[in-house]
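Novice: Please find one structure pasted underneath; my questions will follow.
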Ligand SMILES: [Fe+2]
């Protein structure tokens with residue numbers, strides 16, 4: 001995160017004696033990125049965060065991937081995946097490459113304590129509500145929230161409604177941040193950015209839990225490891241810095257429109273190493289007198305495009321089994337666009353003055369290296385999707 005935040009109690013100087021009511025010292029933990037050379041947070045624990053009682057392996061099944069060969073567009077209907085499980089162990093892998101892993105879960109129970117030591121995670125809440133408990137404090141989240149969880153942040157997901165919380169999860173191998181072009185050299189959102197600091201929510205107070213011999217599951221490059229800590233890791237009485245989890249709601253994304261069709265980067269919300277994340281939200285239709293209001297055919301010659309439909313598709317891709325929670329996957333090397341009938345229909349409707357707002361609510365993840373299929377995608381892929389492009 002680009003700006004400073006201070007929560008709970010911290011001493012007036014860093015790295016000085018800071019004492020508990022019983023006279024003992026609080027234990028500092030500096031969570032820093034890029035080897036002490038970039039953003040960090042300084043946390044004050046009641047107990048030593050290093051006090052490990054036991055360590056073991058944590059088996060994470062279903063991590064194999066299958067190349068997209070022969071190269072095909074894919075339609076993956078996540079709603080057909082079984083509901084249940086938790087947001088850590090219940091994840092079903094949909095797609096992955098060296099930079100990023102995309103998975104899905106409809107979580108109906110609390111997850112164990114977890115952290116990803118490889119990179120930031122982005123959780124997108126498609127539906128349901130949850131309380132995200134972290135070492136920094138709590139975030140209450142609901143439909144259309146993005147949650148950015150920094151690398152190695154110990155946290156857990158606790159569903160809070162009667163229905164499961166449906167999450168699209170992106171595991172990065174580095175940081176996930178707002179696009180650089182939205183920010184000043186010192187990190188403030190600029191005037192042309194579609195969102196700004198006021199739209200972000202972060203923990204407001206410490207969250208402390210008592211507990212002994214507490215397991216924490218860690219995803220890392222070699223697989224999974226379970227640590228048992230002598231004390232509950234949620235024992236932080238205060239922290240400050242520029243590194244912390246936060247939430248941003250898609251409905252706060254202010255779309256940028258033009259007289260003619262605007263390209264996907266105008267909807268970009270985050271970027272990470274080797275990928276971008278965009279929010280497609282309903283927006284005012286283009287207004288050139290001869291505007292074509294559906295996208296032109298396009299070949300993303302150097303990226304795979306995953307479009308996750310938060311709501312069932314209407315418009316240029318409607319009516320082809322793209323229901324709520326569906327993902328279309330258009331890989332590099334495949335040309336795609338609106339169906340011809342839709343192109344003509346939309347122009348007719350526009351010329352008749354019948355279109356005012358374009359209804360599209362979707363999260364797009366574009367990766368710059370080819371994605372392979374995960375077991376979750378293979379389980380619910382619609383084998384007939386390619387046929388929808390015939391005579392289209
Ligand atoms: Fe596309």
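The values are calculated or read from the model by the stated rules, or taken from the named source; none is laboratory data. Source: prediction; values computed, not measured. All Cβ positions, even for glycine, are placed from backbone atoms using ideal geometry, and neighbour counts span all protein chains on display.
Novice: Restricting to the range 295-327, name every residue that is at pLDDT below 95 and crowded, with 22+ Cβ neighbours inside 10 Å.
Specialist: 317, 322
Novice: A follow-up question, please. Condition first: more than 16 Å from the ligand (Cβ to nearest atom), farther than 17 Å from residue 338 by Cβ and either part of a loop (DSSP other than H, G, I, E, B) or at pLDDT below 95 (or both). Now tell me which residues in the range 256-283 satisfy that.
Specialist: 256, 257, 258, 259, 273, 274, 281, 282
Novice: I've got another one for you. Out of 115, 101, 109, 79, I need the residue that is assigned to a loop (DSSP other than H, G, I, E, B) and either crowded, with 23+ Cβ neighbours inside 10 Å or in contact (Cβ under 8 Å) with a residue 40 or more places away in the chain (or both). Which one?
Specialist: On inspection, the qualifying residue turns out to be 109.
Novice: Report yes if some residue within the range 174-185 is assigned to a loop (DSSP other than H, G, I, E, B), under 30 Å from residue 369 (Cα atoms) and over 18 Å from the mean Cα position of the chain (by Cα); otherwise report no.
Specialist: As a first pass, look at the range 174-185 and keep what is assigned to a loop (DSSP other than H, G, I, E, B): 174-176, 178-179, 184-185.
If we keep only those that are under 30 Å from residue 369 (Cα atoms) too, we end up with 174-176, 178-179, 184-185.
Pick out the ones that are also over 18 Å from the mean Cα position of the chain (by Cα) and you get 184-185.
Yes, the range 174-185 has at least one match.
Novice: So, restricting to strands (runs of 3 or more DSSP E) that lie completely within the range 286-392, which ones have at least 2 residues that are under 27 Å from residue 174 (Cβ atoms) and within 16 Å of the ligand (Cβ to nearest atom)? Let's see the steps before the verdict.
Specialist: Working: elements: 304-309, 326-330, 362-367, 372-374.
Result: 304-309, 326-330, 362-367.
Novice: Tell me whether the range 195-203 contains one or more residues that are touching a helix residue (DSSP H, G or I) at 6+ places or on another chain (Cβ under 6 Å), closer than 22 Å to residue 122 by Cα and without any contact (Cβ under 8 Å) to a residue 60 or more places away in the chain.
Specialist: Yes: the range 195-203 contains one or more residues that are touching a helix residue (DSSP H, G or I) at 6+ places or on another chain (Cβ under 6 Å), closer than 22 Å to residue 122 by Cα and without any contact (Cβ under 8 Å) to a residue 60 or more places away in the chain.
Novice: Then there's this: Among the numbered conditions (1) touching a residue at least 60 places away in the same chain (Cβ under 8 Å); (2) under 22 Å from the mean Cα position of the chain (by Cα), tell me where residue 228 comes up short.
Specialist: Condition (2) is where residue 228 drops out.
Novice: Okay, moving on. Name the pairs: first residue in the range 330-343 and at positive phi and at pLDDT 90 or above, second residue within 13 Å of the ligand (Cβ to nearest atom) and part of a loop (DSSP other than H, G, I, E, B), Cβ to Cβ under 8 Å, at least 6 apart or on different chains?
Specialist: From the range 330-343, the pairs are 333/301.
Novice: Could you tell me whether the range 59-80 includes any residue that is at pLDDT 95 or above and within 29 Å of residue 209 (Cβ to Cβ)?
Specialist: yes
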